[in-house]
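Just so you know, all these numbers are worked out from the coordinates, no wet-lab data involved. Just so you know, these numbers come straight off a predicted model, no measurement behind them. Neighbour counts run over all protein chains shown; Cβ positions are idealised from the backbone, glycine included.
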Amino acid sequence: MKNGCVVGYGAIGPIHAKALKKMNCLYGVCDIDSEKIKHLDSVKKYSSYDDVLLDESVDVVHVCTPHYLHAEMAGSALAAGKDVVLEKPVGIDRSSVSKLMNYRGKHKICIMLQNRKNPSVSLMKKLIDGRRYGNLLSINAQLLWSRNEAYYAHDSWRGKWDTEGGGLLINQAVHIIDLVCWLGGGYSSLSGGISTRKLGDVIEVEDTADAVIELKSGIKAVLFATNCYPVNMPMKIEAVMENGILRYSDNMLTHITEDDVEVLSSDKRDFPGKAYWGSGHEDTIREFYDFLDGKSDSYIDISQASDAMNVIFDMYKK
């Protein structure tokens, strides 16, 4: 197995570290704030990213840093001969994203679109593609989360165009946007808008968005997302089929008709992190490491993030 190093030990870095530790692949952790990682045992600790890149024992770099560093750090890791697990988003502008998307070297980038690996979402995809309930007619997607002033005050890079790259869409809603495009067969165009409804005196970026997204299949998806809800709810996504509705909500997949509601699948709950993040981090990471070791023929390649990033940049009109 490969040696992985988690770079950035804030909110999501520990989730990567736990997955790697379970796989016996956690070699090191890097953060410029040494206090965040001083409690970790049996791993190499770095305070400099350059030292990570110079360490020949590091095979895979997990980029879990603030958004504005993602593309640059991923590119530096590739140049240093490392494979990369990259947290969303790929980057905060089209040019940096395009550069990584067009990378053609021997090393690989796995993008963390982990909700695809939630068991119920995986089943939903199979049922749609297999037309178990007829053709797909439409998709409805809803994200109701909460982000308050304290959230933005905790990390100075959040809530700013230059460092976060946006707000709700590029940070919280990116996963449900990805699922809309993935389940629906690819992104074509949209009509939508963004607004700041709650913290306009605190943040530069949006906290609410709505759109009608046209997919390559010709069907349309309706999206509503906001950070103005009082609590964080698991995402809800509905696929309207010819024969009923497939609804992924509360980490469960149900098939709904006029006469019945059938539970088809329920995701496991024994995973680290927040319940509304989903359970797919470990499976995404494990699949990538298996691919690198020749034990799997697929993983979530960075190219698969193109639809979600294009939706976001089209909404931002940049």
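Tabulated data
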{"item": "Length added when fully stretched, GLU149-ALA11, from 0.36 nm per residue minus Cα-Cα", "result": "48.0 nm"}
{"item": "Proximal charge balance of SER188 [Cβ under 9 Å; K/R count +1, D/E count -1]", "result": "0"}
{"item": "Under 17 Å from the Cα of LYS38 - lysines, other chains or at least 8 residues apart", "result": "LYS18, LYS21"}
{"item": "Radius 14 Å from Cβ of THR208, net charge of other residues (Lys, Arg +1; Asp, Glu -1)", "result": "0"}
{"item": "For the chain, alpha-carbon Rg over 2.2 N^0.38 Å", "result": "0.99"}
{"item": "For the chain, calculated [θ]222 nm from helices alone, where every DSSP H run of n ≥ 4 adds -39500 (n - 2.57)", "result": "-8000 deg cm²/dmol"}
{"item": "By average C-beta atoms within 10 angstrom, highest first, the peptides 94-100, 74-80, 282-288", "result": "282-288, 74-80, 94-100"}
